[in-house]
């Protein structure tokens, strides 16, 4: 018997059977558990779904002392009843629904699956049996709130609800300077940061949905937002700037690990930040310490090696984290460059093995941590940053690679990252594709590796009755390939918008033919947008966001054509004037879509990159 519905994530084992269960009004939703109060939130989610999608009203009751013929569904928590603590078994048969799990979390995940079935089947549910459990015990999403978007609370609550419905159980907000530290107000003054009160509210909201809100504060590299201020500049490794693989930085970047005051600063941050979180984990970052050894630690690095100096400071941070009762997470990009030092890591840390290209060596890095006995996560990404509309094929390949090799080497978790490099120009819904596929393959890799991504986006992300938005998101996200020029960690179309005309013209492989082909491709993809019929409160905003993203990519293609012509002396003043007018419109629209989901802080910095683009047309 064929499966009559699409689920996200697809369960580990699903058996369809003959027959149906017809939902009727005025049944009971029975909570069978020693602590039914712990199941109320989950039961209320199911209760609302029954009313919304099947037009029936069921009362929630606890215990078994009720007439059996009035019970429509039984939700049971029986310790040890299923093998995995987050697993569940769901049975739908002609006489009713029975869902059993060993823990309240497992029951919640079973209800999320049942709700998806009700959404698609209405009042007549097909008979079936589902046995389900996660491949990775920790399945997270990390959202960058430091370059440059800090979402509103409404945006964060909606995102948490979406991720919870896909069985994601960990959430991190990447923070450099966007928590309102009361002892350090100058650092976040213009950033519209999250306050302690807001974190407390987010933490409680996440807990109800069985999501662990993990504190995240970068603590070594990426400290520019702190070190540019006079109060902190003398804590920098290179106070006046440094060389990096990305070019010369004329501002400080990393803390000086040899200065005891660096650790004093971190103690101050941890003591203020951590009490707002119930999580036992803490991500201290410590990635991309690109200037280590170039400045104040140069002599010590030359004597002992950059890896040793890095590890020594990491261990100092570790002791601070452990003394506060937390398990330290840290980005593993630096330590894997010194494999001989990996075995020295404590066995109660979690290394975060990250990489964002489809062919990233998760296999090699996973093998290194596993052989050393160091717990680790695999950390792929949505591939949306430096792209505007995403990089669909790369994202799917990257997420699949991480899940496959994480399972191969025994990773504890899967953390799907969503960065905001170079202005955070991508609208949030562009990330839904990566969130959805990452949630799927981290729950059940084999069952979801060949997931119909377009179909699940239409149904569970965009809720599009016309079934077009999923295809638009998928195909627009592949526009990065059409010019025929690949770009590491981003799209060539995005780079064109931030490069000078001279840099554009010098890029090998960029052709007028490829850019004209790109314009035709985008027009074809977006020709279906007006047909979208989304059942979302923000449906109009989603349309505007994707229309703007497409227009930005078109602008990039036309800007590339203008720069190539200019380089060969064929100045097209008509095209230049048109680009100037178009840039004004795009910036005005950017103002609108930014502020619809995000706080004002950071917008000025992000817009400044567009203003630099605009100046090229005014010369």
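The values are calculated or read from the model by the stated rules, or taken from the named source; none is laboratory data. Bear in mind that the values here come from a model prediction, so they are computed numbers and not experimental data. For neighbour counting, all protein chains shown are included, and Cβ atoms are generated from backbone atoms with ideal geometry for every residue, glycine included.
Quick one: which of 341, 263 is touching a residue at least 12 places away in the same chain (Cβ under 8 Å), under 19 Å from residue 226 (Cα atoms) and in a helix (DSSP H, G or I)?
263
Say we look at region 427-460 and pick out the residues that are assigned to a loop (DSSP other than H, G, I, E, B) and touching a helix residue (DSSP H, G or I) at 6+ places or on another chain (Cβ under 7 Å); which of these is nearest to residue 608 (Cα to Cα)?
427
For region 463-512, list the helices (runs of 4 or more DSSP H) that sit wholly inside it and hold at least 2 residues that are more than 15 Å from residue 560 (Cβ to Cβ); which are they?
Passing ranges, in order: 469-476.
Has region 6-21 got any residue that is assigned to a loop (DSSP other than H, G, I, E, B) and surrounded by fewer than 12 Cβ atoms within 10 Å (Cβ to Cβ)? So that I can check it myself, show each step before the final result.
We begin by selecting, within region 6-21, every residue assigned to a loop (DSSP other than H, G, I, E, B); these are 6-12.
Next, only the ones that are surrounded by fewer than 12 Cβ atoms within 10 Å (Cβ to Cβ) stay: none.
The answer is no; no qualifying residue exists.
What are the pairs with Cβ atoms under 8 angstrom where one residue, in region 450-470, is more than 16 Å from residue 430 (Cα to Cα) and the other, located anywhere, is assigned to a helix (DSSP H, G or I)? Sequence gap at least six, or different chains.
Hits for this filter: 451/437; 451/440; 451/441; 466/531; 467/455; 467/458.
Based on this model, can you work out whether residue 97 counts as in contact with a strand residue (DSSP E or B) (Cβ under 8 Å, 6 or more places away or on another chain) and farther than 26 Å from residue 20 by Cβ?
Numbers: in contact with a strand residue (DSSP E or B) (Cβ under 8 Å, 6 or more places away or on another chain): yes; farther than 26 Å from residue 20 by Cβ: no.
Here the answer is no, as residue 97 does not meet what is asked.
Scan region 105-131 for residues that are in contact with a strand residue (DSSP E or B) (Cβ under 9 Å, 6 or more places away or on another chain) and surrounded by fewer than 18 Cβ atoms within 10 Å (Cβ to Cβ) and jot them down.
Those that are in contact with a strand residue (DSSP E or B) (Cβ under 9 Å, 6 or more places away or on another chain) and surrounded by fewer than 18 Cβ atoms within 10 Å (Cβ to Cβ): 123, 124, 127, 129, 131.
Name the one entry in 481, 508 that is modelled with pLDDT under 95 and either more than 21 Å from residue 615 (Cα to Cα) or under 22 Å from the mean Cα position of the chain (by Cα) (or both).
Exactly one of 481, 508 is modelled with pLDDT under 95 and either more than 21 Å from residue 615 (Cα to Cα) or under 22 Å from the mean Cα position of the chain (by Cα) (or both), namely 508.
Kindly indicate whether residue 418 is at pLDDT 95 or above and either within 29 Å of residue 327 (Cβ to Cβ) or not assigned by TED's automatic domain parsing to the domain that holds residue 150 (or both).
Numbers: at pLDDT 95 or above: yes; either within 29 Å of residue 327 (Cβ to Cβ) or not assigned by TED's automatic domain parsing to the domain that holds residue 150 (or both): yes.
Criteria met by residue 418.
Only one of 71, 77, 66 is farther than 21 Å from residue 16 by Cβ, over 37 Å from the mean Cα position of the chain (by Cα), buried (at least 18 other Cβ atoms within 10 Å of the Cβ) and in the same structural domain as residue 124 (by TED's automatic domain parsing); which?
Checking each option against the conditions leaves just 71.
Picking from 301, 290, which residue would you name as being within 24 Å of residue 238 (Cα to Cα), surrounded by 19 or more Cβ atoms within 10 Å (Cβ to Cβ) and free of Cβ contacts under 8 Å to residues at least 24 places away in the same chain?
301
Of the numbered conditions (1) surrounded by fewer than 21 Cβ atoms within 10 Å (Cβ to Cβ); (2) touching a residue at least 40 places away in the same chain (Cβ under 8 Å); (3) not in a loop (DSSP other than H, G, I, E, B), residue 371 fails exactly one; give the number of that condition.
All conditions pass for residue 371, except number (2).
Which is in contact with a strand residue (DSSP E or B) (Cβ under 9 Å, 6 or more places away or on another chain) and not assigned by TED's automatic domain parsing to the domain that holds residue 394, of 495, 520, 459?
Just one listed residue meets the conditions, 495.
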